[in-house]
Structure formats: structure tokens, C-alpha cells
Amino acid sequence: MTTLLTTREPHLDPPRTSRQEPGIPFSRLLRVEWGKATDTRAARWLILTIAATTTGLMLAPLLATTSIDQTQTGYLSFAALALTVLLPVVSILTLTSEWSQRTVLATFTQEPRRARVITAKVSVSLILAALGSAFAGLITAAAVLLAELSGRDIASDMSTSKVIGFALFVLLNVLMGVAFGALLHNTAAAIVLFFALPAAFTAASAALNSIGQWIDPSRTLGWVLQADWAGHLPQILTATTIWLTAPLAAGLTRTIRREIK
Amino acid sequence: MITADSLSKSYGATTVVRDVSFRCDPGTITGFLGPNGAGKSTTLRMITGLTHPDAGTATVAGRPFAELPNPLRVAGTLLDASAMHSGRTGRSTLRIAARMAALPDGRVEQVLTTVGLAGAAADRRVGNYSLGMRQRLGIGQALLGDPRVLILDEPANGLDPEGIAWMRTLLRDFADRGGTVLLSSHLLSEVQATVDHLVVIADGTVVAAGPLDALLASTALLIRSPEPESLHRMLEGAGIPFGVNTDQSVTVDTSSGDVDARRIAHLAVDARVLVTELRAADSGGLEQLFFSLTAGDTPLAAHSQEAA
């Protein structure tokens with residue numbers, strides 16, 4: 001009752017909208033952010049490129065029959081390649097393009113609860129990751145089928161654990177892009193650092209082997225892709241905290257506090 | 001209604017907005033006036049929750065902006081017409097806002113017509129829009145949710161005279177239906193015929209606020225004489241500060257109340273100075289008022305220091 005009384009300030013304005021206006025439901029925010037992530041020419045080309053590259057990369061195991069393992073996971077790892085390189089760029093763009101185009105000015109006056117907007121954007125990236133994984137799975141299945149139809153024998157080494165590992169691998173890569181975008185608010189900086197920093201750590205961690213396995217995202221994500229959990233879970237969690245959770249949390253805080261000009 | 005209560009904002013050692021308070025009532029159009037860098041945009045951003053004030057509070061329709069459940073339905077904002085995604089068309093820009101506020105697509109078409117962007121213009125990418133077209137689109141976005149409050153930062157910027165006249169009619173109609181409008185400008189002439197209230201800001205501080213008529217009526221007298229030197233000597237002798245206009249006429253500040261036309265007439269008779277014009281300063285004087293309020297080194301201030 002008290003809240004009802006305090007929110008009903010003396011109404012000096014005309015009673016046109018005196019009825020309590022409901023807030024913006026999350027499902028609506030999600031739909032709006034999905035639209036923003038996919039409705040520009042740049043985003044459409046990028047998504048089309050990812051689909052084309054994923055499909056095109058299937059030619060590698062199909063044609064290089066001797067140098068590439070003719071196994072189901074061998075095929076799948078090629079499908080993962082394009083996804084993990086390009087899909088995070090889409091995620092970065094969903095988080096940064098509003099800052100570079102300065103549409104945050106409109107977005108955050110349409111929904112001032114900035115954390116909800118960011119949550120919607122992160123959710124869009126999760127959906128993109130899920131769709132991307134499913135697409136890669138389909139393309140892999142098609143390529144494997146094609147190989148078998150041409151009389152080749154593809155080793156059946158797929159398991160639930162491998163599928164989960166693959167989906168998680170794509171997801172973590174995408175979320176890492178999200179985290180970089182959320183923190184840096186600048187497309188160029190986020191893309192460059194997203195690729196350069198892990199690479200630098202991989203190079204550095206070769207020198208410091210024992211510490212390296214805790215902080216090198218390439219190595220830990222490799223374990224995830226191969227579903228090689230045994231004995232690696234603490235390292236995977238540590239690297240994920242450093243490269244994903246921490247920047248994402250910092251980015252969320254920065255977005256909420258940042259002055260929007 | 002919009003209220004600003006003791007808003008202050010500093011960046012490092014620079015205070016950009018200092019203790020700014022004002023209020024805009026339903027049915028009025030308030031012009032938020034000041035030179036570039038006076039703190040107008042910062043104040044508007046604090047009112048709309050985009051900048052966190054160091055001190056003070058602001059409300060829109062009775063609540064802090066950030067607590068409005070669906071702001072588009074309550075307060076339409078246009079804070080920077082150039083802050084639009086250049087890759088989207090005008091129509092898709094409005095559709096995003098419409099989806100956010102749960103408005104039907106029909107409302108988008110309606111607004112596109114209202115702001116004069118229906119037809120081929122709606123399907124052009126915003127990157128190819130002129131500034132005037134972006135302003136129209138921005139005003140459209142602000143109007144989309146049929147709000148009762150409009151907050152517009154430099155909306156006349158980039159509009160041609162016809163566009164300014166259009167905006168004037170639009171805002172007047174909005175206010176007459178009980179809406180509250182707050183719009184900023186650095187050019188008095190641009191908004192003079194649109195607004196009915198003024199809040200003038202200079203160096204981050206409100207230097208004048210009130211109904212346009214009251215602010216204009218009481219402030220200045222225009223005196224013209226074919227013998228300007230004698231006129232200047234007469235005013236200096238009486239200790240009355242004055243400003244010299246480019247056409248050699250003289251403006252005297254009457255806001256203190258101890259100078260009026262009658263006193264000037266008496267002085268002129270006593271000093272035998274021929275005066276050919278003595279009247280309340282009109283819009284030219286209003287410009288003078290604006291400059292005298294917003295800049296410290298106008299002729300008015302300079303002369304009063306000389307006289308002192």
C-alpha cells in the first residue's frame with residue numbers, strides 16, 4: 001500500500017496517462033535487441049559470411065582425405081572454426097555498435113534500466129551461439145553424409161559429452177566477445193583485443209607452462225572443445241573467470257555508471 | 001511537468017552545471033537558452049538520467065526519469081539528432097522505438113507523415129539524411145509514444161525557416177493539449193516565437209527564468225539621439241549604465257527599477273540633449289538582454305564598470 005501511495009505523486013499533468021503504465025517486459029527488450037543485432041546491412045553480411053564460411057570449410061576434410069582425420073569430430077572441429085572466429089565479432093558488434101553510432105542516447109532513454117538492456121543483448125548473443133552451434137551441427141552431419149555416400153568410411157566418434165563440449169566451446173567464445181564488447185564500448189578496440197590478447201597469452205604461456213594452463217584461454221577452450229574435462233576443470237573455470245566473467249562484470253558496471261553523451 | 005532541483009555537475013575541477021533549478025508546467029513551452037558550453041546539454045542529460053548529477057534531483061511527470069516504467073509513453077526525448085544509426089532507414093529507426101514501447105507499426109506511419117518523412121524518405125538510410133531530416137526523424141521518435149512531456153536539445157538546429165515554423169505549430173499544438181515542452185537553443189531568435197517561458201543559463205548557472213513576456217518587458221529602454229556623445233555624457237553624469245548598439249542607439253537596463261522612460265526624458269530636458277526615440281527595447285533589445293545575461297564582457301557591463 002505504501003508504495004502505491006508514494007508512486008502516486010500529485011498529478012498536475014493532464015490525466016491522459018494517469019493509469020499506471022506497465023514497464024517494458026524482458027521478452028519485448030529481447031525482441032528489440034534481436035532486431036537491432038540482425039537488421040543492419042553489416043550484421044546481415046556478417047551472419048551470411050559465417051554461414052558461407054562454415055559451409056565452405058567443410059570442403060577441407062572432404063577434399064584433404066589423407067591429412068585430415070576422417071572422423072565425425074574431425075569434421076565438427078572445422079565447422080567450429082568459422083563460428084569461433086566470426087560469431088564473437090557479431091556479439092562484439094551488438095555490444096559496441098550502439099556506442100559508436102551513439103544510439104545509446106535513444107536506447108537508454110527508452111529503457112533507463114541499463115542492466116536489463118545489457119542482459120537482453122547478452123541473451124541475443126546466447127541465442128546466436130545456440131543457432132550457430134545447431135547450424136554447424138547440421139552442416140557437419142551433411143558433410144559426413146556426403147563423404148559416406150562417396151564411399152568413404154568416417155569414424156563414428158561422436159558422444160553426448162563431445163556435443164556438449166562443442167556447444168560450450170562456441171558459447172564461451174561468443175560470451176568472451178560479449179565481455180570484451182561490454183567492457184570496451186569500442187568496436188575496433190574490442191575486436192583487436194579479443195584476438196590479440198589471447199594470442200599473446202598463448203605465446204607467453206608457452207614459456208610459463210605451469211601458470212600458463214590457468215590463464216591461457218586457447219588451451220582451456222581446447223579442452224572444452226575436446227570434452228577433455230578430467231583434471232582440467234579448475235583451469236577451465238579460472239581462465240573463464242579471467243577472460244569472461246571478470247570483464248563482463250566490469251563491463252556491466254561500466255555501462256551502468258557511464259555518462260552517455 | 002519537469003522539475004530540476006539544485007542540479008550540479010563537475011568534471012574534475014571544472015564545474016559545468018552549478019545549482020540549477022527550474023520547473024516546466026503542463027501547457028507551456030520552455031526555452032532553455034544559453035551560449036554553447038553553458039551547460040544546457042549536461043542539464044538535459046541529467047534530467048533524462050543519462051548523466052548522474054553530483055548533487056540535486058530532477059523529475060519528469062513526478063518521478064526521476066530512470067524510474068519511468070515505459071519512458072517513451074511519458075516523455076519523448078531528442079538529445080542529439082546526429083546520434084542515430086546511419087545504416088538504418090528512417091522507418092526502421094522508428095520501428096525499433098515503436099517495438100520498445102509496444103506501439104503498432106501503424107503509429108510509425110502516422111508519425112512519419114506528421115514529421116514530413118513519409119514516402120521515399122522513410123526508406124532512405126539515415127546516413128543519407130540531411131541534418132534537418134534527422135531533426136524531423138528525432139522529433140518523430142520523441143512524439144511516437146504520444147507522451148505528455150517533450151525534452152528536445154537544439155531541435156531547431158539544421159531546420160530551415162519553414163521547418164522552424166512547422167516545429168513551432170507542432171509544439172504549440174502539443175502544449176495546448178496539456179503537454180510540457182522543454183527545448184534548448186543557443187540562438188534566441190530561433191525559439192523566440194516558439195517558447196512562452198525562458199530559462200537562461202550561463203556558465204552553468206541560471207541567470208534568468210520566467211515567462212517570456214515578463215523577461216522581455218521589464219528589461220531595457222532604447223534611446224536614440226543625433227548627438228550620441230552628449231547622450232553618453234548625460235547618462236554617465238547620472239550614473240546610469242548603458243550599452244551602445246551598432247546603429248549608435250543606446251540601451252539602458254531598467255530591471256533594477258530606478259531607471260524608466262520618464263527619468264530619461266527629464267534628464268534629456270535638463271541636459272538639453274535632443275532625443276529622437278525613447279521606447280521599450282524590442283526584439284533587438286531582447287538580443288541585447290540575452291547577450292548581457294550570458295556574456296560578462298558586453299558593452300553594458302563594460303560601461304557600468306567605467307562609470308563606477
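Computed from the coordinates by the stated procedures, all read-outs in this text should not be read as laboratory data. Please read all numbers here as calculations on a predicted model, not as lab measurements. Methodologically, a virtual Cβ is constructed for each residue, glycine included, from the backbone with ideal geometry; neighbour enumeration extends over all protein chains shown.
Things to note:
- For the range B:256-276 versus the range A:201-256, the spacing of their alpha-carbon centroids is 84 Å.
- Using 0.36 nm per residue and subtracting the Cα-Cα separation, the extra length available between A:Ala134 and A:Ser150 on full extension is 3.3 nm.
- Packing-based ranking, highest mean first, of B:15-25, B:130-140 given that Cβ atoms within 10 Å are counted: B:130-140, B:15-25
- Spacing of the modelled spin labels on B:Arg262 and B:Arg172, each 7 Å from Cα toward Cβ, amounts to 3.6 nm.
- Helices in the protein assembly as shown, meaning DSSP H runs of at least 4 residues, each add -39500 (n - 2.57). Divided by all residues, the mean residue ellipticity at 222 nm is -17000 deg cm²/dmol.
- Count Lys and Arg as plus one, Asp and Glu as minus one, and take only other residues whose Cβ is under 13 Å from that of A:Leu76; the net charge is then -1.
- Result for chain B in a Gaussian network model with C-alpha springs under 10 Å: among B:Gly12, B:Gly37, B:Gly179, the largest mean-square fluctuation is at B:Gly12.
- Working from label points 7 Å from Cα in the Cα-to-Cβ sense, the B:Val207 to A:Ala207 distance is 6.0 nm.
- For the range B:187-222 and the range A:50-64, distance of Cα centres in Å: 68
- Shape class of the protein assembly as shown from the Cα gyration tensor (axes a ≥ b ≥ c, square roots of the eigenvalues): prolate, since a/c reaches 1.5 or more and a/b is larger than b/c.
- Cα gyration tensor shape for the range A:124-207, rounded if a/c is under 1.5, else prolate or oblate: prolate
- Per-residue mean of C-beta atoms belonging to partner chains within 10 Å, peptide B:78-87: 5
- Overall form of the range A:26-256 per C-alpha gyration tensor (a/c, 1.5; a/b vs b/c): oblate
- Calculated FRET efficiency, B:Ser6 to A:Ser67, Cβ-Cβ distance, R0 = 60 Å: about 0.25 to the nearest 0.05.
- Around A:Leu248: net Lys/Arg minus Asp/Glu count, Cβ-Cβ under 13 Å: +2
- Helices assigned as whole DSSP H runs in chain A whose Cα atoms extend at least 24 Å along their own long axis and whose mean Kyte-Doolittle hydropathy is -0.5 or higher are found at A:72-100, A:114-149, A:160-184, A:187-207.
- Distance (nanometres) between label positions extended 7 Å along Cα→Cβ at B:Glu277 and A:Thr55: 7.7
- For the options A:Leu105, A:Leu86, A:Leu244, a Gaussian network treatment of chain A with springs between C-alpha atoms closer than 10 Å singles out A:Leu105 as fluctuating the most.
- Taken residue by residue and averaged, Cβ atoms of other chains lying within 10 Å of the Cβ of A:106-118 number 6.
- Fully extending the segment from B:Glu236 to B:Ser189 would add 13.8 nm, taking 0.36 nm per residue of separation and subtracting the current Cα-Cα distance.
- Comparing A:Leu171, A:Leu48, A:Leu29 in a Gaussian network model of chain A (Cα springs below 10 Å), the most mobile by mean-square fluctuation is A:Leu48.
- Over 24 Å between alpha carbons, listed pairs A:Lys36/A:Lys261; A:Lys261/B:Lys9; A:Lys121/B:Lys40: A:Lys121/B:Lys40
- Helix B:90-100 axis, angle to chain B major axis (alpha carbon atoms, nearest 10°): 70
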